[in-house]
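K.L.:
For reference, the structure I am asking about is given below.
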Amino acid sequence: MAGISLVGIGKTFAQRSKGRDTVIKVLDDLTFDVADGEIVALCGPSGCGKTTALRIAMGLEAPTKGHITVDQRRVKGCGHDRGIIFQHAELLPWLTAKANVMFGLEMKGIRGSAASDVAMSYLDLVGLSASAERRPHQLSGGMRQRVGIARALAIDPGVLLMDEPFGALDAQSREGLQTELLAIHAKTRKTIVIVTHDLDEAVILADRILVLGEGRLQEVIDVRLPRQNRDSGTLRAAPEFTDARFRLWQALHRNTSPIMVSGNSTDGIV
């Protein structure tokens, strides 16, 4: 297992429009740690840098400054120590569910019966062993997302990064997958960082909620709920849930600034 740290992360983009140079500062000295086995939710207004932070953590984008460590080891670029799940499953449509899970394993150098056995074990973990030979168009949205989770878990990453993984689903499917994710976490104890705009989801899933604003970490909300028995159907009636959700609502309304844009030079940022 592994924890992950983002240390002094900055990210800027230069943009030229109508003869005018503009710098967009997405992240500004963003620093936070996620402990081994912890679930942390990243929340904040649109444009505050949540997804960019997640992509940098995965290695899909390079920071302008700062660095990432996994299990106290500095990393650059993508690696099998991290897995990512996007809002849409992004499955290969010509492959079966099992073959989609095996694809990540094959990229790791695991092939043949070994890859098949691992793929089936993770499809079983997400409740899809009976659908192993179906192709994506034969699966519901929730089932496709489960395949995406199985694919990410199959490479056995220490850290699982999730970018609004249930955002495109209907409410019932979303709640079902939230419960399933908690069950998977109880079995695997993966370190999880999840980006979400859903206040209920953040409180149901997370041990801590990090509120971003203006490209920085603005507030940290501890969720004082026992990790066990976090069934979303009953949890909402708990006073601790109501308290955490209200504290998050307040924090989001205090930190509503999106990305920052400078004037007409890429040299300085305001």
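K.L.:
Could you derive backbone 3J(HN,Hα) for the range 6-21 from the dihedral phi with the Karplus parameters 6.51, -1.76 and 1.60 (θ = phi - 60°), listing whole Hz in sequence and x where the residue is Gly or Pro?
P.N.:
Each residue of the range 6-21 in turn: 9, 10, x, 6, x, 8, 10, 10, 8, 9, 10, 9, 6, x, 10, 8 Hz.
K.L.:
Considering only the chain, what is the antiparallel percent among its DSSP beta bridges, to the nearest 5?
P.N.:
Taking every DSSP beta bridge with both residues in the chain, the antiparallel ones total about 60 percent.
K.L.:
Helix 141-154: angle to the longest alpha-carbon principal axis of the chain, degrees 0 to 90, nearest 10?
P.N.:
On a 0 to 90 degree scale, this one is about 90.
K.L.:
How high is the relative contact order of the chain, given as a whole-number percent (alpha carbon pairs under 8 Å, six or more residues apart)?
P.N.:
Numbers: 572 pairs, mean separation 76.5, N = 270.
This gives 28 percent for the chain.
K.L.:
Of the chain, which part is the longest with no GluC sites (Glu not before Pro) in a loop (DSSP not H, G, I, E, B) and with at most 14 other C-beta atoms within 10 angstrom?
P.N.:
Answer from the scan: 134-270.
K.L.:
To the nearest 10 degrees, how steep is helix 239-254 against the longest Cα principal axis of the chain, on a 0 to 90 scale?
P.N.:
Taking Cα atoms only, the helix is inclined about 40 degrees.
K.L.:
Nearest 500 deg cm²/dmol is fine: what mean residue ellipticity at 222 nm does the chain get from its DSSP H runs of n ≥ 4 alone, each adding -39,500 (n - 2.57), divided by its residue count? Mind showing how you got there, number by number?
P.N.:
Values: 8 runs with 93 residues, N = 270.
The helix-only estimate for the chain comes to -10500 deg cm²/dmol at 222 nm.
K.L.:
Also: Please tell me the relative contact order of the range 1-96 in percent, rounded to the nearest whole number, where contacts are Cα pairs under 8 Å and at least six residues apart.
P.N.:
This gives 32 percent for the range 1-96.
K.L.:
Could you list, bin by bin from short to long, the percent of Cα-Cα pairs of the range 62-103 in 5 Å steps?
P.N.:
Pair shares across the bins are 5, 15, 20, 18, 14, 13, 10, 5, 0.
K.L.:
Let me ask something else about it. Quick query: amide H of residue 191 versus all other amide H atoms, modeled in the peptide plane; which residues come in under 5 Å with a sequence gap of 5 or more or a different chain?
P.N.:
Here the answer is 2, 37, 160, since their amide H atoms fall under 5 Å of that of residue 191.
K.L.:
What is the set of long-range amide H partners of residue 217 at a cut-off below 5 Å, with H atoms built 1.01 Å from backbone N?
P.N.:
31
K.L.:
Please report, in whole Å, how far the alpha carbons of the range 74-173 spread along each principal axis, starting with the longest.
P.N.:
39, 31, 22
K.L.:
For residue 60, what residues show an amide H to amide H distance below 5 Å, using hydrogens built from the backbone and excluding near sequence neighbours?
P.N.:
Counting only residues 5 or more places away or on other chains, the set is empty.
K.L.:
Roughly what angle does helix 171-188 make with the longest principal axis of the chain, taking Cα atoms, 0 to 90 degrees, to the nearest 10?
P.N.:
With rounding to tens, the tilt is 80 degrees.
Every read-out reported here was derived from the displayed coordinates using simple, explicitly stated rules and does not represent laboratory data. Being a predicted model, the structure only gives us computed values, none of them experimental. In this analysis, Cβ positions are derived from the backbone assuming ideal geometry, glycine residues included, and neighbour counts consider all displayed protein chains.
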